[in-house]
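*Asks:* One structure follows; several queries about it will come next.
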Amino acid sequence: MAAKSSPPTSAQFLPDAKPVAPVSVLAETGKLNRGAKPGMTKTAVLEALRLMMLGRAFDTKCLSLQRQGKLGTFAPIFGQEATLVGTAMALDPAHDWVVPQYRELPAIIRQGQPMERIALYRQGHPDGGIIAEGVNVMATQVSLAAQIPHAVGLAWGLKMQNRPGVVAVYFGDGASSEGDFHESCNLAGVVEAPVIFVLQNNGWAISTPRDIQSGATDLAARAPGYGFPGVSVDGNDLFAVHKVTAEAVTRARAGLGPTLIEAHCFRMGPHTTADDPTRYVDPADLERWAKRDPIDRVQKYLAAEGNWDKATEETWEQDIAAEVEAAFEAASAHPRAGPEAIYEHVYAEPTPTIIRQRDAHLGGQ
Ligand SMILES: Cc1ncc(C[n+]2csc(CCOP(=O)(O)OP(=O)(O)O)c2C)c(N)n1
């Protein structure tokens, strides 16, 4: 990008927002920053680590199945585990909601969606799109940013009905260029909706790098323009992500409205299984970010506390692999969907057009 011209000197002109250092608690070495506290109990840290490892193992399995032609296209979470789990662990699944884009696997599992359903979804089975009864998760959204107005509506509705509950809506740096994002922030600020905008800045929107996605230097700095706070956080730091989300939840529960969290992370895998990132991602960037791995960091922290070692890691990996296997076995035992399934679930009652198309397609069978 060309260098920006000097800002106007008149005092009435707002200056360019200066990037603020992202909130950090746990350094890349796995050591707490001086004076910092994890802010999570040991049990919660272990639960979070398990979810991060489970998310990675599930997607590793899915990648292998997809390459064998046994699964549809999906968007892996590799590298974004701390952002997803750190935010989700600050929510109360009984009252709070997760409104996902398409890369939020462990946050959805934490809310209670069975892995079997997620496996079914990735196999292209219509039943995989059904959110289990009582699980506060909205459907996966592929149309970028379309979930954000839904999340604000949901949060505003909870507030109007005096129901407890905070809504965490997830999206990427690319989606944050969409009108839906800006209009949603504007409305959320006006009605003080209990919503947390989780902007996962993973460096890329498919092959479009962050620096040509927006002229803004700091995406979190957009929030005050809508009348609420924004915070920038190291998205590979579980404790920091959890801390800022917990603060945002407290604000929302107290009736103080929305927060925008910009979590800086890096997409370590392909955008989806249909993408080849080797054509545009600099291997040096991957190497640099690999040293900041969110899972390694928590394991190092726990090891230094005497709560983690190689043997524990191996046992966990085996247990998690068995859990993932069981989810796929349960999905495979689910009755297969026939061709008629594509005409179902579009409307509560089929329209004349759907009926005509279905009969034309299946009439001779
Ligand atoms: C409205 C809309 N426009 C374009 C696309 C095609 N598309 C799918 S994913 C993507 C990039 C999204 O990047 P980002 O929002 O940063 O999320 P990430 O995939 O990096 O998590 C694009 C352009 C789409 N799905 N929806």
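*Asks:* Among the residues of the stretch 150-168, are any within 16 Å of the ligand (Cβ to nearest atom), within 13 Å of the chain's Cα centre (by Cα) and in contact (Cβ under 8 Å) with a residue 40 or more places away in the chain?
*Replies:* Yes.
*Asks:* Which of (1) in contact (Cβ under 8 Å) with a residue 12 or more places away in the chain; (2) part of a helix (DSSP H, G or I); (3) more than 27 Å from the chain's Cα centre (by Cα) is the odd one out, the single condition Thr353 does not satisfy?
*Replies:* Going through the list (1) in contact (Cβ under 8 Å) with a residue 12 or more places away in the chain; (2) part of a helix (DSSP H, G or I); (3) more than 27 Å from the chain's Cα centre (by Cα), Thr353 breaks only (1).
*Asks:* If Thr87 satisfies all but one of (1) in contact with a Pro (Cβ under 9 Å, 6 or more places away or on another chain); (2) not in a loop (DSSP other than H, G, I, E, B), what's the number of the condition it fails?
*Replies:* Checking Thr87 against (1) in contact with a Pro (Cβ under 9 Å, 6 or more places away or on another chain); (2) not in a loop (DSSP other than H, G, I, E, B), the one that fails is (1).
*Asks:* Any idea which of (1) within 16 Å of the ligand (Cβ to nearest atom); (2) surrounded by 20 or more Cβ atoms within 10 Å (Cβ to Cβ) is the one Leu238 doesn't satisfy?
*Replies:* Result: Leu238 passes all but (1).
*Asks:* Can you pull out the residues in the stretch 295-324 that are part of a helix (DSSP H, G or I) and surrounded by fewer than 12 Cβ atoms within 10 Å (Cβ to Cβ)?
*Replies:* Lys310, Ala311, Glu314, Thr315, Gln318, Ala322
*Asks:* Now for a different question. Output the number of the condition that Glu287 fails; it satisfies all remaining conditions of (1) part of a loop (DSSP other than H, G, I, E, B); (2) away from the ligand (no atom under 16 Å from the Cβ).
*Replies:* Result: Glu287 fails condition (1) only.
*Asks:* Still on this structure: Kindly establish whether Val190 is away from the ligand (no atom under 16 Å from the Cβ), out of contact with any Phe, Trp or Tyr (no Cβ under 7 Å at 6 or more places or on another chain), in a strand (DSSP E or B) and among the hydrophobic types (A, V, I, L, M, F, W, C).
*Replies:* The answer is no for Val190.
*Asks:* Tell me, which residue of the stretch 95-119 that is part of a loop (DSSP other than H, G, I, E, B) and in contact with a Phe, Trp or Tyr (Cβ under 6 Å, 6 or more places away or on another chain) is surrounded by the most Cβ atoms within 10 Å (Cβ to Cβ)? Outline the logic, then answer.
*Replies:* Pass one, the stretch 95-119, residues part of a loop (DSSP other than H, G, I, E, B): 95-96, 100-104, 112-114.
Remaining after also requiring in contact with a Phe, Trp or Tyr (Cβ under 6 Å, 6 or more places away or on another chain): 100-101, 104.
Values: Pro100: 24, Gln101: 23, Glu104: 30.
Across the stretch 95-119, the extreme among qualifying residues is Glu104.
*Asks:* Output the number of residues of the stretch 170-184 satisfying the condition of being free of Cβ contacts under 8 Å to residues at least 40 places away in the same chain and either touching a helix residue (DSSP H, G or I) at 6+ places or on another chain (Cβ under 6 Å) or within 6 Å of the ligand (Cβ to nearest atom) (or both).
*Replies:* 4
*Asks:* Right, next: Being more than 13 Å from the ligand (Cβ to nearest atom), closer than 30 Å to Asp96 by Cα and in a loop (DSSP other than H, G, I, E, B) is the filter here, so list the residues in the stretch 195-227 that pass it.
*Replies:* Asp218, Gly227, listed by residue number.
*Asks:* Pull up the stretch 120-138, narrow it to residues that are under 19 Å from the mean Cα position of the chain (by Cα) and closer than 16 Å to Phe58 by Cα, then point me to the one that is surrounded by the most Cβ atoms within 10 Å (Cβ to Cβ).
*Replies:* Once the filter is applied, the top-ranked residue is Arg122.
Taken together, the values in this text are just the output of simple stated rules run on the coordinates, not laboratory data. Everything quoted here is computed from the prediction, not taken from an experiment. Methodologically, a virtual Cβ is constructed for each residue, glycine included, from the backbone with ideal geometry; neighbour enumeration extends over all protein chains shown.
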